[in-house]
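Here the structure is laid out as structure tokens; the discussion comes afterwards.
The values are calculated or read from the model by the stated rules, or taken from the named source; none is laboratory data. In this text, all values refer to a predicted model and were calculated from it rather than measured experimentally. Glycine gets a Cβ as well: all are built from the backbone with ideal geometry, and neighbour counts include every protein chain shown. Accessible surface is based on the protein model in full, side chains and every heavy atom, while ligands, DNA and RNA are left aside. Shrake-Rupley method; radii C 1.70, N 1.55, O 1.52, S 1.80 Å.
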Amino acid sequence: MATFDFVIIGAGPGGEAAAYKARKRGATVAIIDRRWFGGSCPHIGCLPSKALLYSAAQHAANEAAYTWSRASAHRDYMVNRAPDGAEPDDSGHEKRLRDAGAVTYRGAGRIAKPGEVEVTHDGTTHRLASRNVVIAVGSSSKAPPLPGLDKIHTWTNDQATLARELPKSLLVLGGGPTGCEMAQVYARFGVPTTIVQSGDRLMPTDHPRNAEAVTAGLRASGIDVRLGSRAVAARAGAGRDGAHVIELEDGSTAEGHEILLAVGRQFPLADLGLEAYDIDAASREPFPRDGRLRIAEGLWVIGDPAGPELHTHQAHYQGETAVRMALGDNVTPDYRALPRATYTDPEAAFVGVTLEQAQSAGIDAFEEVADYATSTKGYAVEATVGHITIVVDRATRQLVGAAAACPDASAAIHECVLAIQARVPMEVLAATIHAFPSTSRIFNGLFADALEKLDGPQAS
């Protein structure tokens with residue numbers, strides 16, 4: 001039996017971050033994954049989807065010059081997949097972990113008893129002892145319980161990000177970030193695309209103004225966005241030209257030759273042996289998904305299963321934080337300034353809370369809003385939609401929320417991320433010089449408006 005300071009089950013972004021942080025601190029590490037070292041993000045998630053979104057934007061601007069063949073080749077380069085290969089090559093991720101001093105095992109890890117993990121690797125079952133076991137198993141696409149759906153070979157983000165051929169048509173079930181991003185990719189390459197969302201808006205966990213702007217952007221790309229439409233059944237190949245049919249609660253139908261499932265995520269916890277720590281993995285919520293990280297003595301969970309949200313950057317942060325906590329550092333997770341970003345056209349970004357969320361939490365808050373399309377920057381880029389919003393706490397005179405929908409929202413939001421994290425006073429934000437005519441300058445105008453509301457006209 002080999003002994004380590006950390007045994008990490010799952011080698012995605014969270015697991016990798018934990019392994020690298022532990023090795024930098026001189027701790028010994030074993031890290032296990034059953035499929036890809038690096039996880040979903042570089043292979044079927046963040047990197048290929050963003051590469052395809054870029055290619056789709058180029059195609060929309062110059063259809064003849066940027067073909068799907070070029071987009072597919074660029075995506076394959078990003079995921080390290082050979083032109084004739086079916087799977088991305090993750091060997092670089094495993095090599096970097098080994099070079100850092102981690103011991104890697106390719107197989108399924110399972111907790112045998114507290115502080116002991118077994119893994120079958122190269123035909124041999126290894127038993128690994130550790131003071132700290134880190135669960136970093138990520139998540140997978142959830143299939144809705146629709147009668148008839150099991151007769152259809154559905155897509156998940158795996159197929160949507162790795163496809164080499166364009167489908168005849170695409171039906172996306174679910175209007176979260178994945179569904180919105182991939183819908184715009186295929187629509188911009190000329191694929192008839194429909195999104196079916198059961199709720200009354202897309203991106204239900206994002207800022208409402210972001211949802212409005214993204215919906216407008218998707219419709220401008222030719223996407224049929226069906227809101228308030230709950231799917232109730234599926235009929236394989238029953239539509240036009242052999243398309244699959246999804247029956248909706250209102251009696252209407254939607255069709256697609258491929259059906260992309262983007263209705264949520266599920267966490268592969270059942271076979272990890274969590275019962276060794278008296279945790280019932282089969283229960284609806286085996287442990288609170290509040291991002292606490294430590295769920296039992298010597299047992300940590302990071303990434304998607306940990307909550308509070310589902311982001312690669314959250315997993316990376318949690319991996320490093322869990323190691324620091326395990327090694328005795330005086331730190332606790334802090335998600336006040338957790339940024340969210342969706343990379344559609346327009347982009348949408350959000351940090352902190354909305355005005356309604358702040359007020360529900362007992363904060364005496366107000367918001368300032370600017371229309372992006374009629375800002376100097378908006379006019380310059382011929383924007384037709386978008387906004388910049390900030391939420392301010394009167395008592396602390398600090399930012400508690402911000403949102404943006406515009407071409408560079410994912411970059412511009414980070415001034416507000418830092419402001420919330422560092423509790424920067426509104427006086428400092430308003431007095432900071434911002435380049436004109438940038439998106440950040442629009443934020444600066446809102447900071448000045450907020451300061452005037454706090455102190456009166458003399459403040460500005």
Linear extension gain, K24 paired with A100, 0.36 nm per residue minus alpha-carbon span = 26.5 nm
Cα gyration tensor shape of segment 181-260, rounded if a/c is under 1.5, else prolate or oblate by comparing a/b with b/c | oblate
1/(1 + (r/R0)^6) with r = Cβ-Cβ of D371 and R35, R0 = 45 Å, i.e. FRET efficiency to nearest 0.05, evaluates to 0.50
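As a check on your grasp of the helix formula, calculate [θ] at 222 nm for the chain: sum -39500 (n - 2.57) over DSSP H runs of n ≥ 4, divide by the residue count, round to the nearest 500. The partial results should precede the final answer.
Values: 15 runs with 146 residues, N = 460.
Result for the chain, helices only: -9000 deg cm²/dmol.
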Which of the GluC sites (Glu not before Pro) across segment 366-460 are loop residues per DSSP, with 11 or fewer other Cβ within 10 Å?
-> E382
Out of N330, S252, V263 - ranked by how far each Cα lies towards the positive end of the dipole of segment 222-350, with unit charges on the beta-carbon of charged residues - the top one is N330
How far apart, in nm, are two points set 7 Å out from the Cα along the Cα-to-Cβ line at S360 and at Y77?
-> 4.5
Magnitude of the Cβ-charge dipole (Lys and Arg +1, Asp and Glu -1) of segment 28-102 about the Cα centre, nearest 20 debye, reported as 160
If you find the alpha carbon centre of segment 56-135 and of segment 264-283, how far apart are they in angstrom?
-> 23
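When the chain is fully extended, how far beyond the present Cα-Cα distance does Q266 get from S252, taking 0.36 nm per residue of separation?
On the way: separation 14, 0.36 × 14 = 5.04 nm, distance 2.86 nm.
Here the segment from Q266 to S252 would lengthen by 2.2 nm.
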Cysteines without a disulfide-compatible partner [the chain; Cβ-Cβ under 4.7 Å] | C180, C406, C416
Accessible area (Å², 1.4 Å probe, nearest 10) - E275 = 100
Between segment 149-203 and segment 375-404, how many Å separate their Cα centres?
-> 30
Might you report the magnitude of the Cβ-based charge dipole of the chain about its Cα centre, with Lys and Arg at +1 and Asp and Glu at -1, to the nearest 20 debye?
-> 840
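Taking 0.36 nm per residue of separation and subtracting the Cα-Cα distance, what length does fully extending T124 through A86 add?
Working: separation 38, 0.36 × 38 = 13.68 nm, distance 2.71 nm.
Length gained, T124 through A86: 11.0 nm.
If r is the Cβ-Cβ distance from T67 to L418 and R0 is 30 Å, what FRET efficiency results, to the nearest 0.05? Each step should come with its number before you reach the end.
On the way: r = 40 Å, r/R0 = 1.34.
Efficiency for this residue pair is about 0.15.
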Can you count the Lys pairs in the chain with C-alpha separation below 21 Å, eight or more apart or on different chains?
-> 4
Which value in nm describes the separation of the simple spin-label points at A2 and L166, placed 7 Å from the Cα toward the beta carbon?
-> 4.8
